[in-house]
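Before any comments, here is the structure.
Since every read-out is calculated from the coordinates, none of them should be taken as a lab result. Since this is a predicted model, take the numbers as computed values, not measurements. Ideal geometry is used to build each Cβ from the backbone, glycine not excepted, and the neighbour counts take in all protein chains shown.
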Amino acid sequence: MTNLDYKIIVGLEIHVQLATKTKMFCGCALSFGEDANSRVCPVCIGMPGALPVMNKQAVEFSLLAGLALNCEIPSFTKWDRKSYYYPDLPKNYQISQYDLPLNGTGFIEIPLEDGTSKRIRITRAHLEEDAGKNIHAGDAFSRVDLNRAGTPLLEIVTEPDLSSGTEVRALAIELQRIVRYLGISEADMQKGHMRFEPNINLAITKDGTEYRTPITEVKNLNSFRALQRSVEYEARRQLDEFIDTGKTMVMGNKSTYGWDDNRNVTVLQREKEEAHDYRYFPDPDLVPVEVDEKWLSKIKSRLCELPLQKQKRFVEQFGLSDYDAGVLTADKATAEFFDETVKAGAEAKRVCNLLTQIGLKLANEKNCSVAELGILPKALAKLCVMASEGQISASAAQTILVEMSGGENEPEKIAEEKNLLQKNDTGELEKIVDEVLANNPDAIAEVKAGGKKSKKASGFLMGQIIKATKGSANPQMAAKILSQKLGQ
Amino acid sequence: MDLLKLTCKELRDKIAVGSIKSTDATEAIFSQIEKHEPQIAAFISTFKDDALAKAKSIDEKIAADEKSGLLAGVPICVKDNMCTTFGPTSCASKMLENFHSPYNATVVEKLLAADAVIIGKANLDEFAMGSSTENSGLQQTFNPWDTRCVPGGSSGGSAAAMATKMCFAALGSDTGGSIRQPASFCGVVGLKPTYGRVSRFGLVAYGSSLDQIGPITSDVADAALMMNVIAGKDENDSTSIDEKTVPVSDYLAGIENDIDKLKIGIVPEFIAAADPDVRNKIEEAIDCYRNAGSEIIEIKMPYFDYSIAAYYLLATAEASSNLARYDGVHYGHRTDSPADYVEVYSKSRNEAFGAEVKRRIMLGTYALSSGYYDAYYLKALKVRNLIRGDFTKAFEKCDCIMMPVSPTTAFKIGEKTADPLQMYMADIYTIAVNLAGVPAVSLPCGFDANKLPIGLQIIAPAFEEAKLLRIARMFEKRNDYHLEQPNLTTNKHE
């Protein structure tokens, strides 16, 4: 048996569809699910004589993403034409960015399972227009739907800094969280708003020598699951292939695979990447974009606290577990709802428990976010304070929260109506304690005798008190009165 | 009164006060078309019924004392590479022979908004690639001064229609001389405006960084009037210039005023290199300015010679990309029963594009290919900057530069088709102007021994069209070459 060790090396290309009002270079609205070729105009279907006009919002969204990804932002950027022939590409060139992208090198921090994070370098993030879709319905011909043609896409390219399927998935989820926080993409996987293309190979150490397996690219993955599994599958496949054939990487040579979601395997599409010559050149129909300080600082002012920062803060500031902090920061609205509730005076851990145990379940049932349940942060804070002060029990707080999601924002009123308020009146409670003591002299004797039976006897007395108040006594208060009366 | 003797501006003024009816002017144009079009073949399509209906509506508008546009009731033709919702927009190509645009080019919208009557769409070299209109995939246009000769190109149809008075004004497009050279060959005025002054939206692109729409007219004032209609920023064209940066002038204002102490730059070698008849007329024209008090200054333009080489890399590179969309998939010609989708492309394109278009697509594809980009495309861009520098330096010394439009007068049909390079060389005087993006006008300045027109080219700094037109008008006031008409009755096909 030879001594064989390996590391997975993955770089990602990610296409993020931006949630702009209109397409990248024309006034058509973005489309999903409309009738084929109903959201098109002469510009996005490449009619003779039509000219593109840059969508400024798309550029601003891209710059916002660049800022969040810590990218270098050059002051000068331009548009290039990328030429290739395909029926879904109406001009047979795509307007993209070649050597001067909007966003240069940067990095993204991704959370790891052990609660730490890892920095993945970003190579670039540029803006381009999407193609349409070819539709093959089994006829002797195919159809082309150009509704999607011209949709703005942000293409983010990472360095090969990822080393497992889990990390790749973590990056994808983190990126989804970021673009949603920034409000620049709906990042809806079902609608193809995020598409991934991992480039994978292995660094294998065998008998002290390092080998690199040939790089493969898996095309067009649109779920986190498929992304992770394809990386893991490719790693296993490449390892087996290396053991069988000893094949190693040749520079500039990459084969392309697809992902079969039913069989959970990658499928070879092209053995060797054909030497694609896209004949890039600057698009003479568009003027270069100059990003000056003034514009950039205006965009910068739209940056918000990013999800991972928020998550870390929740752990440090509020002592939440990393898991809970992750759950609460999964979407911005929930995180902000949590933050506001705490700011309104609630104890963070109690808010966290109520939200993670009840709130998220309610939101899930109603298919909305916690922030959309109709509960005001102030009202939730009030509820938490009531629980913390002992006016209601923890389980009563949960019951009340469910009621509040019906739109009732006065927890005291619900507690009263449902008779969930605990008895906190010392005078009344004292009377009850006196009665219980008068009826149970034996138990008093046992308590006073001390020893083994003492604890059991005081427990019995507490039980009698709670019973006498029908469960509404504040247990802490009752215990305090009891021990006073017994002279303890 | 012979209606057809009127200029565009004169006609408009009369129509606007109701002394001439647009309907009559339009009828007159169509009877001229019926008489001469068989001989000249300037038009790819004409719209008699629609034009007369439009003319009638303008007449009614004027009769009702409603405000009328700058071109009220004036019959005008546009080159068939400008999109119109009426009639086909063919680009004189089999590829788009039956293509109907769903929208109007911005210039067409502006003409219509100015109440012009668009009477037809003029022939051109296929996709505006050529200097003789011999590359039209649909028909040959003949020079009205001698029908054995080419009308020039690529706006040969527009220039021939104007010279034959089959319209009162025409629009052409100029990528490397395509307005000025046919205007020169046909004895009419042609203005290529500054790049960015007139919207390209709806102009079917050939070389996007060079293409510019401009007027072809019977005199300088008409060119100014047309500019008043078509110039200006267009939100649909990112490369059109903001009017806040460079305001659009009233090009007619002060056009009759001579320019005092005008400094004219000339490059003696350029003038000497033209055919003797051309050279003589250009020198006479310069003398005319000298006599009018202008100062003639000798200048140098060291990089001018490289303009053809740079142009045929840049224009073709852009063309190879611009024409990629004609693939048989979405519109235009599609081959019958292709074996697969690749054949839809290769066969459709092979069947529908003419030889010159194919040649330029291949040249441009090559220039942009990996490994050649730096040596060709990038190098050509650098040369383009040097040529721009030539003009910048020249304009530090003079107000305008004068030279021939073409080294020869109109050549015989077929004379140069066998040798594309010789054809390309004929554009030596016009191409640098497009590379530099500056405006230039072609002005009738006499005839050669065979009574073929000669054009004087006047080049001005960017956005100085108003001054350029005043300079041109100085010559026109002192000469009447622009008033001469071709004799169409003695002028028959062989």
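Show which lysines lie in cross-link reach of A:Lys418 when reach means a straight Cα distance below 27 angstrom and same-chain residues fewer than eight apart are skipped.
A:Lys349, A:Lys361, A:Lys366, A:Lys378, A:Lys382, A:Lys431, A:Lys467, A:Lys470, A:Lys480
Is it possible to state the helix-based mean residue ellipticity at 222 nm for chain A, with each DSSP H run of 4+ residues giving -39500 (n - 2.57), the sum divided by total residues, to the nearest 500 deg cm²/dmol? What is it? Show your work: numbers first, answer last.
Details: 16 runs with 187 residues, N = 488.
That calculation yields -12000 deg cm²/dmol at 222 nm.
For segment B:1-45, what does the alpha-carbon gyration tensor say about shape, rounded, prolate or oblate, given a ≥ b ≥ c as the root eigenvalues, a/c under 1.5 as rounded, and a/b over b/c as prolate?
Working: a/c = 2.48, a/b = 2.45, b/c = 1.01.
It is prolate, given that a/c is not under 1.5 and a/b is the larger ratio.
How much length, in nm to one decimal, is gained on full extension between B:Val17 and B:Asn350, taken as 0.36 nm per residue of separation minus their Cα-Cα distance?
Details: separation 333, 0.36 × 333 = 119.88 nm, distance 5.35 nm.
So the extension gain works out to 114.5 nm.
Normalized C-alpha radius of gyration of the protein assembly as shown, against 2.2 N^0.38 Å? It would help to have the intermediate numbers written out before the result.
Numbers: Rg = 39.4 Å, N = 982, 2.2 N^0.38 = 30.2 Å.
That ratio works out to 1.30.
In chain A, which longest range has no GluC sites (Glu not before Pro) that are both DSSP loop (not H, G, I, E or B) and surrounded by at most 10 other Cβ atoms within 10 Å? Could you put the intermediate results ahead of the total?
Working: sites that count: A:Glu113, A:Glu271, A:Glu274.
For GluC sites (Glu not before Pro) (loop position, at most 10 other Cβ atoms within 10 Å), the longest site-free span of chain A is A:275-488.
To check you understand DSSP bridge types, tell me what percent of the beta bridges within chain A (both residues inside) are antiparallel, rounded to 5.
Around 90 percent antiparallel, to the nearest 5.
Can you work out ³J(HN,Hα) from phi for every residue in segment B:109-114, in order, using Karplus 6.51 cos²θ - 1.76 cosθ + 1.60 and θ = phi - 60°, giving whole Hz and x for Gly and Pro?
Those phi angles translate into 4, 5, 4, 5, 5, 8 Hz.
Among DSSP bridges having both ends in chain B, what percentage is antiparallel? Round to the nearest 5. Provide the component values of the computation, followed by the final result.
On the way: 28 of 42 bridges.
Counting DSSP beta bridges with both partners in chain B, the antiparallel share is about 65 percent.
Once the piece of chain linking A:Asn262 and A:Lys366 is laid out straight, how much longer is it, given 0.36 nm per residue of separation minus the C-alpha distance between them? Walk me through the intermediate numbers first.
Values: separation 104, 0.36 × 104 = 37.44 nm, distance 3.07 nm.
Residue separation times 0.36 nm, minus the Cα-Cα distance, leaves 34.4 nm.
Enumerate the calculated ³J(HN,Hα) couplings along segment A:136-152 in order (Karplus 6.51 cos²θ - 1.76 cosθ + 1.60, θ = phi - 60°), each rounded to whole Hz, writing x wherever the residue is Gly or Pro.
10, 9, x, 7, 6, 9, 10, 10, 10, 10, 9, 4, 7, 4, x, 5, x
Considering every Cα-Cα pair within segment A:228-315, what fraction, in whole percent, is farther apart than 23 Å?
Values: 2359 of 3828 pairs.
Summing the P(r) of segment A:228-315 above 23 Å gives 62 percent of all pairs.
Where in segment B:388-415 does the label zone of B:Ala273 land, with the point 7 angstrom along Cα→C-beta and an amide N cut-off under 20 Å?
B:388-395, B:400-411
Between B:Val342 and A:Ala137, what's the calculated FRET efficiency when r is the beta-carbon distance and R0 is 22 Å? Round to 0.05. Before the final figure, lay out each step's value.
Values: r = 21 Å, r/R0 = 0.93.
That gives a FRET efficiency of 0.60.
For segment A:340-405, just list the percent of Cα-Cα distances falling in each 5 Å bin from zero outward, please.
Calculated P(r), rounded to whole percents: 4, 20, 33, 28, 12, 3, 0.
Once you order the gyration tensor axes a ≥ b ≥ c over the Cα atoms, which shape class does segment B:67-158 get: rounded for a/c under 1.5, otherwise prolate or oblate by comparing a/b with b/c?
Values: a/c = 2.85, a/b = 1.47, b/c = 1.94.
Here segment B:67-158 falls in the oblate category.
Given q = 0.17 Å⁻¹, what are the Debye log10 I(q)/I(0) values for segment A:426-485, with equal point scatterers placed on the Cα positions and solvent ignored?
Taken in order of the listed q values, log10 I(q)/I(0) reads -0.49.
I'd like the FRET efficiency for A:Lys452 and A:Gln309, computed as 1/(1 + (r/R0)^6) with the beta carbon distance as r and R0 of 45 Å, rounded to 0.05. Walk me through the numbers on the way to the answer.
Numbers: r = 55 Å, r/R0 = 1.22.
Once rounded, the FRET efficiency stands at 0.25.
Please give the contour-minus-distance gain from A:Lys343 to A:Glu428: 0.36 nm per residue of separation, less the Cα-Cα distance, rounded to one decimal in nm. Before the final figure, lay out each step's value.
Numbers: separation 85, 0.36 × 85 = 30.60 nm, distance 3.53 nm.
Result: 27.1 nm gained on full extension.
Answer rounded, prolate or oblate for chain B, using the Cα gyration tensor with square roots of eigenvalues a ≥ b ≥ c: rounded when a/c is under 1.5, else prolate when a/b is larger than b/c, else oblate. Please list the in-between numbers first.
Numbers: a/c = 1.41, a/b = 1.04, b/c = 1.36.
Judged from the Cα gyration tensor, chain B comes out rounded (a/c under 1.5).
Looking only at Cβ-Cβ distances, which cysteines of chain B have no other cysteine closer than 4.7 Å?
If one checks each Cβ against the other cysteines of chain B, B:Cys8, B:Cys83, B:Cys91, B:Cys149, B:Cys186, B:Cys288, B:Cys398, B:Cys400, B:Cys445 turn up with nothing under 4.7 Å.
Taking amide hydrogens as modeled 1.01 Å from N in the peptide plane, which residues meet the under 5 Å criterion relative to A:Thr205, leaving out close sequence neighbours?
A:Asp5, A:Tyr6, A:Lys7, A:Tyr211
Taking the Cβ-Cβ separation of A:Gln357 and A:Glu389 as r and a Förster radius of 25 Å, what is the calculated FRET efficiency to the nearest 0.05? Please report the intermediate quantities before stating the final value.
Working: r = 20 Å, r/R0 = 0.80.
Here the calculated transfer efficiency is 0.80.
Would you mind computing, in nm to one decimal, how far apart the modelled labels at A:Ser301 and B:Gln485 are, each placed 7 Å from Cα along Cα→Cβ?
With each label placed 7 Å out from Cα toward Cβ, I get 6.7 nm.
Say each of B:Asp258 and A:Leu4 gets a label point 7 Å from the Cα, pointing the same way as Cα to Cβ; how far apart are those two points in nm?
Here the answer is 9.5 nm between the modelled labels.
Collect residues whose amide H, placed 1.01 Å from N in the peptide plane, falls under 5 Å from the amide H of B:Ile297; neighbours closer than 5 in sequence don't count.
Under 5 Å from the amide H of B:Ile297 lie the amide H atoms of B:Ile264, B:Gly265, B:Ile266, each far enough along the sequence or on another chain.
Here is the link list: B:Lys5/B:Lys192; B:Lys281/B:Lys379; B:Lys35/B:Lys467. Which ones come out longer than 28 Å on Cα distance?
Among B:Lys5/B:Lys192; B:Lys281/B:Lys379; B:Lys35/B:Lys467, the Cα-Cα distance tops 28 Å for B:Lys281/B:Lys379; B:Lys35/B:Lys467.
How far is it, in nm, from the label point at A:Glu435 to the one at B:Arg290 when both lie 7 Å from their Cα along the line to the Cβ?
13.0
Output wanted: per-residue J couplings in Hz (rounded whole) for segment A:398-412, from phi through Karplus 6.51 cos²θ - 1.76 cosθ + 1.60, θ = phi - 60°, x for Gly and Pro.
With the stated coefficients, segment A:398-412 comes to 5, 4, 5, 4, 4, 5, 5, 5, x, x, 7, 9, 10, x, 4 Hz.
So which aspartates and glutamates can A:Lys310 reach, going by Cα to Cα under 19 Å and dropping same-chain residues fewer than 8 places off?
Of all the aspartates and glutamates, those that pass the test against A:Lys310 - Cα under 19 Å, at least 8 places apart if same chain - are A:Glu109, A:Glu113, A:Asp114, A:Glu174, A:Asp322, A:Asp324, A:Asp331, A:Glu336, A:Asp339, A:Glu340, A:Glu347.
Give me the Kirkwood hydrodynamic radius of segment A:4-298, using the inverse of the mean 1/r over all pairs of distinct Cα atoms, in Å to one decimal. Write out the running numbers ahead of the final one.
Working: mean 1/r = 0.0493 Å⁻¹.
One decimal place: 20.3 Å for the Kirkwood radius.
Could you pull out every residue, at least 5 positions away or on a different chain, whose amide H is within less than 5 Å of the one on B:Thr335? Hs are placed 1.01 Å off N in the peptide plane, and Pro or chain starts have none.
Under 5 Å from the amide H of B:Thr335 lie the amide H atoms of B:Ser348, each far enough along the sequence or on another chain.
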